[in-house]
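Okay, so here's the structure we're looking at.
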Amino acid sequence: ARERAITEALESGEESLARMGLVALGSDCPPRLVASVLTTLAQPAPELQLQAIRVLGSTTNPLVVPHLLMLVRARRRWFGRQRLLPRTPVMLAALELLARRWSTHRPVLSTMQLAGRSSDAEVRAAVGGKA
């Protein structure tokens, strides 16, 4: 019943309910709730996104990777070059989680290299580079 209530709160679209659902999860995300937590990443509230990223920190589910990458890098331009999104707390949190959990995951490698060469010290620090 607890997981069902959390799922309904996260998927309701109501910011306050989603926040309560994320708080109820704390820092542990059961595998059955990963998809529900991912729905909060699409909401425009940065506080909710940060909370969702913290909750997702406990999962090893690789389905999380594309969602985190969307928070970190911009779509490819005409010539196929990737670029990082502007630094925000959400972008840094997603980048740190990618670096901690999936730095050797094939879709993440180029983003880690790009962040490691960034002129922004906080971005480099997020992937374990020199600040």
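May I ask you to say which residue of R54, R81 is farther than 17 Å from G129 by Cβ and more than 11 Å from the chain's Cα centre (by Cα)? Full working, then the answer.
On the way: R54 fails: more than 11 Å from the chain's Cα centre (by Cα).
Result of the check over R54, R81: R81.
Which one of the conditions (1) in a helix (DSSP H, G or I); (2) open to solvent by less than 30 Å² (accessible area, probe 1.4 Å) does P66 fail to meet, given that it meets all the rest?
All conditions are met except number (2).
Here are R73, R100: which of them is within 24 Å of E122 (Cα to Cα), surrounded by 13 or more Cβ atoms within 10 Å (Cβ to Cβ), at pLDDT below 95 and of a type in the set (K, R)?
Working: R100 fails: surrounded by 13 or more Cβ atoms within 10 Å (Cβ to Cβ).
Result of the check over R73, R100: R73.
If I ask for residues that are in contact with a helix residue (DSSP H, G or I) (Cβ under 9 Å, 6 or more places away or on another chain), farther than 18 Å from M70 by Cβ and not aliphatic (A, V, I, L, M), which ones from segment 17-43 would you list?
Matches in segment 17-43: R19, G21, G26, S27, D28, C29, P30, R32.
Looking only at segment 12-26, which residues are at pLDDT below 90 and open to solvent by 90 Å² or more (accessible area, probe 1.4 Å)?
Going residue by residue through segment 12-26, those that are at pLDDT below 90 are 12-14, 26.
Within segment 12-26, E14 is the sole residue that qualifies.
Please indicate, with yes or no, whether at least one residue in segment 115-122 is in contact with a Pro (Cβ under 9 Å, 6 or more places away or on another chain), in a helix (DSSP H, G or I) and over 18 Å from L41 (Cα atoms).
The initial filter retains those residues of segment 115-122 that are in contact with a Pro (Cβ under 9 Å, 6 or more places away or on another chain), namely none.
Within segment 115-122, not a single residue is in contact with a Pro (Cβ under 9 Å, 6 or more places away or on another chain), in a helix (DSSP H, G or I) and over 18 Å from L41 (Cα atoms).
Among the residues of segment 78-101, which ones are in contact with a Ser or Thr (Cβ under 7 Å, 6 or more places away or on another chain) and assigned to a loop (DSSP other than H, G, I, E, B)?
Q82
Answer with yes or no whether R2 is farther than 30 Å from S118 by Cα, more than 11 Å from the chain's Cα centre (by Cα) and at pLDDT below 90.
Numbers: farther than 30 Å from S118 by Cα: yes; more than 11 Å from the chain's Cα centre (by Cα): yes; at pLDDT below 90: yes.
Answer is yes for this residue.
Name the residue, out of T60, T104, that is more than 30 Å from M20 (Cα to Cα) and part of a loop (DSSP other than H, G, I, E, B). Step through it out loud before you land on a result.
Numbers: T60 fails: more than 30 Å from M20 (Cα to Cα).
The conditions single out T104.
The values are calculated or read from the model by the stated rules, or taken from the named source; none is laboratory data. Owing to the predicted nature of the structure, the values given are computational and were not obtained by experimental measurement. Every residue, glycine among them, receives a Cβ derived from its backbone with ideal geometry; neighbour counts consider all protein chains shown. Side chains are part of the model used for accessible areas, which takes the heavy atoms of the whole protein and leaves out ligands, DNA and RNA. Shrake-Rupley method; radii C 1.70, N 1.55, O 1.52, S 1.80 Å.
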